[in-house]
1. Residues to consider are SER205, SER194, SER198; find the one that is at pLDDT 90 or above and among the polar types (S, T, N, Q).
2. Out of all the residues in region 260-280, is one or more open to solvent by 10 Å² or more (accessible area, probe 1.4 Å) and small (Gly, Ala, Ser)?
3. All but one of (1) in contact (Cβ under 8 Å) with a residue 24 or more places away in the chain; (2) loosely packed, with under 11 Cβ neighbours inside 10 Å hold for GLU440; state the number of the condition that does not hold.
4. Considering only region 214-234, how many residues are touching a residue at least 24 places away in the same chain (Cβ under 8 Å) and hydrophobic (A, V, I, L, M, F, W, C)?
5. Please go through region 413-437 and give me each residue that is closer than 17 Å to HIS365 by Cα and touching a residue at least 40 places away in the same chain (Cβ under 8 Å), ordered by number.
6. Against the condition open to solvent by 50 Å² or more (accessible area, probe 1.4 Å) and more than 15 Å from ILE212 (Cβ to Cβ), how does ASP255 come out, does it pass?
7. What residue, of LEU287, LEU291, is open to solvent by less than 10 Å² (accessible area, probe 1.4 Å) and farther than 17 Å from GLU353 by Cβ?
8. State whether the residues of region 191-212 include one that is closer than 22 Å to PHE338 by Cβ and either over 17 Å from the mean Cα position of the chain (by Cα) or of a type in the set (A, V, I, L, M) (or both).
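The values are calculated or read from the model by the stated rules, or taken from the named source; none is laboratory data. Fair warning: this is a prediction, and the values are worked out from it, not measured in the lab. With ideal geometry, Cβ positions are generated from the backbone for all residues, glycine too; neighbour counts draw on all protein chains shown. Only protein heavy atoms, including side chains, enter the accessible area calculation; ligands, DNA and RNA are left aside. Shrake-Rupley method; radii C 1.70, N 1.55, O 1.52, S 1.80 Å.
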Amino acid sequence: MAKGGGSGASRDAAPATPRTPKKQPARGDSSGTGRKAGRTPKAPTDAAGTPKGSQTPKTPTRAAAKAKTAAAKAGGSGDSQTQTQAPAQARAAKRRKTSKNGAAGPPGLDPEARVFFANRLNAHDADTTQFAPAAEDRLAFEEASAAASLQEARETGLPQAPREQGTPSTPSVGAAGVGYQVKKIQIGASEIDSWYISPYPDEYSRHPLLYICEFCLRYMKSKYTFRRHCLKCPLRHPPGDEIYRDGNISVFEVDGRKNKIYCQNLCLIGKMFLDTKTLYYDVEPFLFYVLCEYDADGYHFAGYYSKEKRSVQGYNLSCIMILPPKQREGYGKLLIEFSYLLSKKEGLPGSPEKPLSDFGLLSYHSYWRRAIYEILVAMPAKESSAISIEAISKKTGMTVDDIISTMQTDGMLQRQPGLSNYALVVDMPRTEAYLQRVKEKSPRRIDAAKLRWAPFLTKGTRAAKDDPPADEPALETEADQSDSSAAA
């Protein structure tokens with residue numbers, strides 16, 4: 001049929017068949033047949049399908065090239081190549097989209113071989129379900145946990161409570177409320193075995209050996225931490241006032257209210273060697289007197305004693321403890337004598353808090369006997385007949401009850417026949433021989449002239465000689481206003 005020819009009747013009679021649209025002629029073609037008004041003609045292309053006069057097209061993606069090659073190998077027609085290329089491009093676009101989220105690898109990779117963690121693990125290596133604990137693994141864990149608890153019970157000597165299967169193991173709690181006992185402490189260069197359970201925090205009580213700084217008394221779990229702390233510890237003496245120094249021996253007065261952490265650590269150390277001590281953390285009402293040995297490295301802790309700031313019963317000592325390596329050097333009696341020196345300085349007799357421990361009772365009886373014997377030996381013969389217990393109490397700082405109990409133990413008080421009075425009977429040769437043995441055994445004594453101390457007096461304490469009248473308020477001493485005034 002000629003272009004544009006044929007009648008209208010023949011067109012109506014012809015069957016309706018799909019017709020392939022013809023290409024539109026170029027813009028320079030003189031014929032305008034088949035063009036509709038308002039439609040922009042397509043740009044002319046060359047044999048390869050590239051628009052003439054345009055820039056070089058971008059390189060096709062790897063996925064598109066792979067799809068085109070697969071279609072060419074299959075030998076399909078142009079229509080089949082277009083149908084194959086469309087799903088391939090869709091899959092490539094999906095891979096590129098998921099690759100940005102880190103769930104798939106580079107474009108063109110098979111989805112079954114996905115990679116994870118910046119292309120370092122494949123799907124098999126990234127699957128963590130294969131490492132999930134199974135039933136036999138949980139059973140093995142329970143058996144190992146039970147064996148460890150049994151071994152720990154044998155080492156610590158504390159019984160372990162039976163537990164049901166599947167429940168976590170917990171340490172048994174003893175009578176003191178502590179699940180474990182610290183077996184040893186290293187303070188300075190000394191490694192010391194503990195005697196009793198001390199209520200350290202649970203995370204520290206689980207370690208059989210604790211490291212303690214001898215200057216600040218901080219406790220640590222590892223030797224590495226202990227060494228680093230010793231290099232950086234700013235203290236070289238207890239955080240208080242040095243009130244006594246004689247040679248290489250010094251005594252510091254530490255206020256429990258001003259240095260609470262230091263005093264609490266001091267009590268925790270004392271509990272390791274004192275069975276009757278029950279006070280650990282309420283340290284504010286107490287004063288602590290710390291005995292130290294001095295050398296070029298600083299003041300090394302050797303022992304301490306504590307007393308109440310305001311004692312209603314008149315106690316001049318609440319607790320005393322000397323480290324076991326220093327217990328054969330006479331430091332216990334030295335601190336006892338020091339406590340009575342402070343009592344004489346206050347002008348009030350004092351006594352240790354009861355009950356005393358076994359070692360404390362022996363030490364105090366020995367000191368009381370020596371103090372009484374020294375008074376009796378030094379007294380002139382003319383005055384010995386008129387000696388009284390009150391006079392001995394005033395010179396020694398001891399209470400009347402302690403003096404009487406010591407004299408009764410030594411058989412120095414004898415009741416006169418037919419009278420209600422008691423006579424003081426002293427065997428002078430025996431007394432002098434005893435003092436000579438004591439002097440050779442423990443030569444360390446307190447020199448009262450080297451004490452630099454003011455009594456700690458506050459309102460409501462026991463009455464002194466020069467109390468103000470009842471209508472005037474009591475005044476605090478310089479020790480209350482500034483404890484630093486008592487420093488040496």
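1. Selected residue: SER194, the only one of SER205, SER194, SER198 that is at pLDDT 90 or above and among the polar types (S, T, N, Q).
2. There is no residue in region 260-280 that is open to solvent by 10 Å² or more (accessible area, probe 1.4 Å) and small (Gly, Ala, Ser).
3. Single failed check for GLU440: (1).
4. Final tally of qualifying residues: 4.
5. Listed by number, the residues that qualify are THR431, TYR434, LEU435.
6. Values: open to solvent by 50 Å² or more (accessible area, probe 1.4 Å): no; more than 15 Å from ILE212 (Cβ to Cβ): yes.
No.
7. Numbers: LEU287 fails: farther than 17 Å from GLU353 by Cβ.
That would be LEU291, the only listed residue that is open to solvent by less than 10 Å² (accessible area, probe 1.4 Å) and farther than 17 Å from GLU353 by Cβ.
8. no
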